[in-house]
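Each remark here refers to the structure printed beneath this line.
Derivation of every value follows stated rules applied to the coordinates shown; laboratory data play no part. Predicted model only: the values in this text are computed from it and were never measured. For neighbour counting, all protein chains shown are included, and Cβ atoms are generated from backbone atoms with ideal geometry for every residue, glycine included.
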Amino acid sequence: MTATGVPAPGVPATGAIGLRAPRKEDPRLLRGRGRFGADFSARGQLWARVVRSPVAHGRLRAVDVSRARQAAGVAAAVTATDLPGRPGGPRIPVRLAVQDIDLSRYLQPVLASEVVRYVGEPLAVVVAGDPYLAEDAAELVDIDIEPGPAVLDARAAATPGAPELHPGGNVAAEFTLGFGDVAAAFATAARVVQVELDIGRHGAVPLEPRTLLADPDPVTGALDIFGMTKVPVFNRDLLAALLGMDETLIHVHAVDAGGGFGARGEFYPEDFLVPWLARTLRRPVKWVEDRAEHLVTVNHSRQQSHRLAAAFGPGGRLLGLRADVVHDNGAYCRTHGIIVPELTLAMLPGPYRVPAYHGRVQVVLTSKTPCGTYRAPGRFEGSAAREQLLDVAADELGIDRVELRRRNLLRPDELPCQRAMSTLGTDVVLDAGDYPALLAAAGAEASRLGYPAEVAAGRAAGRRRGLGVAAFLEKSGLGPQETADVVISRTGAVHVYSGGTSLGQGIETVLAQIAADVLGLDPAGVSVVNGDTALQPFGGGSWASRSTVVAGSAVHAAAGAVRDRAVEVAARMLEAAPADLVCAGGAVSVRGDPGSAVTLGEIAAAAGPASRWLHSGEPAGLSARRRFEVTHMTYPYGVHIAVVDVDPGTGGVQVLRYLVAYEVGRAVNPTLVEGQLRGGAAQGIGGALLEEFCYDEAGQPQSVTFMDYRIPTAAEVPPIDVLVTQDSPAPGNPLGVRGAGEGGVSAAGAAVASAVRDALGLAGSVGQLPLTAARVQELASGGGGR
Amino acid sequence: MKDLHLIRLRVNGREHELAVESRRTLADMLRHDLGYTGTHLGCEHGICGACTVLVDSVPARACLMFGVQADGSEVATVEGLADGEDLSDLQQSFSDRHGLQCGFCTPGFLMLAEGYLAEDRPGAADAEPTEAEIRELVAANLCRCTGYQGIVEAVLATARARRKRDSP
């Protein structure tokens, strides 16, 4: 086991990779000089306000904008009938299609035209010269809806005879994943253990609401867009197709983004409506959503019911696993399609030796805000259910719960382990690692930090204190490809144009470190632009913990190519053999003779178009574009350990201690890895205890402010201990990195549930997350466990 | 007909005179009329605290105040913290302790903490601020990225350093 920040043996400890370099993003953000979407304005801009359905389900009889059009300052008010093409305008397609399932009947129109299916669904847009006037006019839009029955329970919605939200019914998809002979496993089992666990509906809820500014060029018709993030190139291409434009006429600019976590930057109705209005009106149009809108419009996530059964042989050996999952996807299938339920099934066996597995999921549509991914999609949910199952099984089998896990974790000699199923279009091949060693290391770290002693002391003092343990498998580095450009200018400055996007995770710093490492520079000398579609037209975006892995590998390759080109040109200038040259400290010099150096700036000038150093036919410039391709994901893994106090009277749960142990392969910047894990754990604690999108029986959202949708504060989140290990570099990329974005949140529901179950001494599972006060009171008084 | 009021205020020591509508929030006025876009709006209902500024040295939610209410006041925003190119001790401490990720909530936390640190609390000169005290302060605002640890550490370290600096 290596300490944080120290590379494992075999990993070269070169230059900038592994440094706790200061973040390049910090100075501007600390000064209030960040450029977030709402900070951009264009001369003569109009402000858009979206009018939304106040009813969960019903037939739309009329949307009358005539009064709104007469209101002060209003430039336009549009409904579905004003949109181009079919009623309701274009449907937003699925970005990530999987399992060959056709979801086209369930896609969301950009404005509802006949039926409304959730509170918050866009019905009209009002555009005015001032945001206050736009809101005033939006109040004047008259909406006539004949209410229909709201469909709120996914299991009920999937049964025959339930009110139908779509002509095709409420079950958008139903599929299975699995391998091995599950029937035989259960037939020969010494013991079968079953649990149920429901995960509550919650979501990313970044602190910055969504924003968009679309600025049309009156001459060329080109569009400048500010505020698209995450997958700007995909969104540009989709927008171009929907507007019938050439994609290069749309320039999505890089902006600072106030957190993403999966939800921000997907293509939403407003991503069509705002640019379309700007083009139609030939005026810049700006839109900034408010928090109440955000909580009912941006992708929800997580709500799933899980029924799990495991067959155990002698000694607690897992023989087989069955999972029956119902996924509540809300009113439509959005850009993520059905990848969350797919990932749930594909990742549910986790880091364990599961010889036979059968997972089945129903994706059900309900009268709620549609769903998408939220950090660790499918893994937060599935890990919580699986780890509750193992806790219950340990008790029933009379085996210590850590020991039961240790016996069933895959050993290093069993990796790579191919599971005969695929997710996100790639085979599931667990690449490498030592899962039992990390479980042992996490336990040792928790002991060193005094967790068990604290539990014992609390119990001795009469407290209901519990310890929770959860092991989990993550996935990251999803391809299929990423492109990076590295350009050195005549000042010697190094510019990286990456296809990742900055969502607050520090990717500018990480990519600068990778480029600096290759070029032998201080990262301060490298500037990074992410997510600008003109500077990097082939970017794949930032999602699925992919940026350090795939964008980083692309930058690594491009920086290496530029370094080689710099050496090649310098060799001509210095009249030396390239093999005798070294690139370091911003210059290329003859090895052993630093006085011979030419700087990168001089080399860039020498590579200029009129230079005598350039050979005939060679392109000018000191730059390189490289593409990195990956065929398989990499699988980081980890352990969470939690200590909680439960007050059976109030139902309150206080998290006292929390440890995240995570194998990241290699930490490019250990401080940022720790930050990812701490922040993720805080979000996970929120999902485990506090956060839930609630609805009343009519389908009215009850969580539309930060008073009702409870993001954890510093009072609910304890200091998070982290153990970052770098013992198992990923074999599939040149950096050995595994991605670190999601391991902090992945098993938080599992660990908190485990700790609460331990504190209360439950026989079954906790039944449901979040463990709200009312829920915990019920469990404490002997009810509700499953 | 807009209901306009002529007001005068100082922002980060600079005098401004402008006509604002009575319903315009202080946050919108700072951001859109005066260009102080470092003040961010995260909820517009007073919970998240991203829009926290100092009004006459006291932390205030700029989304819950009207611009006209700041008439005659001294307002401090995040743009006024740094001394030229040098970050303030508090800003530097946030960077040193990884107290920010996306940075959207950061101006609010900085102004909240600055208000606390500058406050003349009874007994403040005698007692080291505790982590519990700072954590309670930090719990006033929301951050979705960091888990608060770096923020608590940054404010605590600055409080201790300033106390050490200021004690004879």
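Take the Cα coordinates of the range B:89-166, assign each an equal point scatterer, and use the Debye formula without solvent to give log10 I(q)/I(0) at q = 0.13, 0.20, 0.21, 0.27 Å⁻¹.
Log10 of I(q)/I(0), two decimals: -0.34, -0.80, -0.88, -1.44.
For the range B:4-80, calculate the relative contact order in percent as a whole number, restricting contacts to Cα pairs under 8 Å that are 6 or more residues apart.
39 percent.
Hey, rough spin-label estimate for residue A:324 and residue A:715, points 7 angstrom out along Cα→Cβ, what's it come to in nanometres?
4.2 nm
With each pseudo-label sitting 7 Å past Cα toward Cβ, what's the residue B:74-residue A:593 distance in nm, one decimal?
Once both label points are built, they end up 6.5 nm from each other.
Note the angle between two axes, namely the Cα long axis of helix B:106-118 and the longest principal axis of the Cα atoms of chain B, as a number of degrees from 0 to 90, rounded to the nearest 10.
Rounded to the nearest ten degrees, it is 70.
Expressed as a fraction of 2.2 N^0.38 Å, the rule-of-thumb size for a compact globular protein of N residues, what is the C-alpha radius of gyration of the range A:674-786?
Here the answer is 1.31, to two decimals.
Radius of gyration and Dmax for the range B:4-80's Cα atoms, expressed in Å?
10.9, 30
Can you tell me the Rg and the Dmax, both Å, for the Cα atoms in the range A:365-485?
For the range A:365-485, the Cα-based Rg and Dmax read 18.8, 61 Å.
Report the net charge of residues surrounding residue A:179, where surrounding means a beta-carbon distance below 14 angstrom and charges are Lys +1, Arg +1, Asp -1, Glu -1. It would help to have the intermediate numbers written out before the result.
Values: positive: A:322, A:353, A:360, A:419; negative: A:181, A:427.
Residues near residue A:179 contribute +2 overall.
Please give the residues of the range A:683-704, grouped as numeric ranges, whose backbone N is less than 14 Å from a label point set 7 Å along the Cα-to-Cβ vector of residue A:156.
So the set is A:695-700.
For the range A:533-595 and the range B:68-108, what is the centre-to-centre distance using only Cα atoms, to the nearest Å?
37 Å
Lys and Arg at +1, Asp and Glu at -1: add these up for the other residues within a Cβ distance under 10 Å of residue A:466 and post the number.
Charge balance near residue A:466 sits at +3.
Could you calculate the FRET efficiency of residue A:61 with residue B:19 from 1/(1 + (r/R0)^6), where r is the beta carbon distance between them and R0 is 41 Å, rounded to 0.05?
0.40
Residues of B:83-93, mean number of Cβ from any other protein chain within 10 Å of their own Cβ, rounded to a whole number?
Mean partner-chain Cβ count within 10 Å for B:83-93: 2.
Could you put A:421, B:65 in order, starting from the residue whose Cβ has the fewest other Cβ atoms within 10 Å?
Going from least to most buried by this count: A:421, B:65.
How would you rank A:117-128, A:155-166, highest first, on the average number of other Cβ atoms within 10 Å across their residues?
Top to bottom by mean Cβ count within 10 Å: A:117-128, A:155-166.
If you line up the Cα atoms of the range A:221-280 on their principal axes, what length do they span on each, largest first, in Å?
Extents along the principal axes: 32, 20, 17 Å.
Looking at chain A, what % of the alpha carbon pairs are farther apart than 40 Å?
37 percent
Contact order normalised by length for chain B, with contacts defined as Cα pairs under 8 Å and 6 or more residues apart; what percent is it? Could you put the intermediate results ahead of the total?
Details: 285 pairs, mean separation 38.2, N = 168.
It rounds to 23 percent for chain B.
With the Cα gyration tensor of the range A:134-201 in hand, convert its eigenvalues to equivalent ellipsoid semi-axes via √(5λ) and list them largest first in whole Å.
45, 16, 12
Under 22 Å between alpha carbons, and skipping anything fewer than 8 positions from residue A:475 in its own chain: which lysines qualify?
Cα-Cα hits under 22 Å: A:230.
At what distance in angstrom do the alpha carbon centres of the range B:144-168 and the range A:267-330 lie from each other?
37 Å
Hey, fewest Cβ within 10 Å first, where do A:101, A:338, B:151, A:711 land in order? Show your work: numbers first, answer last.
Working: A:101 16, A:338 25, B:151 29, A:711 20.
With the sparsest Cβ surroundings first, the list reads A:101, A:711, A:338, B:151.
If you average the sequence gap of Cα pairs under 8 Å that are 6 or more apart and divide by the length of chain A, what percent do you get for the contact order?
Answer for chain A is 16 percent.
According to the Cα gyration tensor, what semi-axes, each the square root of 5 times an eigenvalue, does the equivalent ellipsoid of the range A:464-548 have, listed from largest to smallest in whole Å?
Whole-Å semi-axes of the equivalent ellipsoid: 32, 17, 11.
Can you order the peptides A:615-627, A:586-598, B:27-39 by their average number of other Cβ atoms within 10 Å per residue, highest first?
Details: A:615-627: 13.8, A:586-598: 16.2, B:27-39: 21.3.
Listed from highest to lowest mean packing, they are B:27-39, A:586-598, A:615-627.
Output the Cα-based Rg and Dmax of chain B in Å, rounding Rg to one decimal and Dmax to a whole number.
Values for chain B (Cα only, Rg and Dmax): 16.3, 59 Å.
At 222 nm, what helix-only mean residue ellipticity would chain A give, in deg cm²/dmol to the nearest 500, using -39500 (n - 2.57) for each DSSP H run of four or more?
-8000 deg cm²/dmol
Tell me the label-point distance for the pair residue A:72, residue A:702, using the 7 Å Cα-to-Cβ offset, in nm and rounded to one decimal.
4.0 nm
Give the lysines reachable from residue B:164 as a straight Cα distance under 24 Å; neighbours fewer than 8 places away on the same chain don't count.
Result set, ordered by chain and number: empty.
Can you check what the net charge comes to around residue A:195, using other residues whose Cβ is under 12 Å from the Cβ of residue A:195 (Lys, Arg +1; Asp, Glu -1)?
Counting the neighbours of residue A:195, the net charge comes to -2.
Neighbour counts of other C-beta atoms within 10 Å: give me B:2, A:368, A:230 arranged from fewest to most.
Least to most surrounded, the residues fall as B:2, A:230, A:368.
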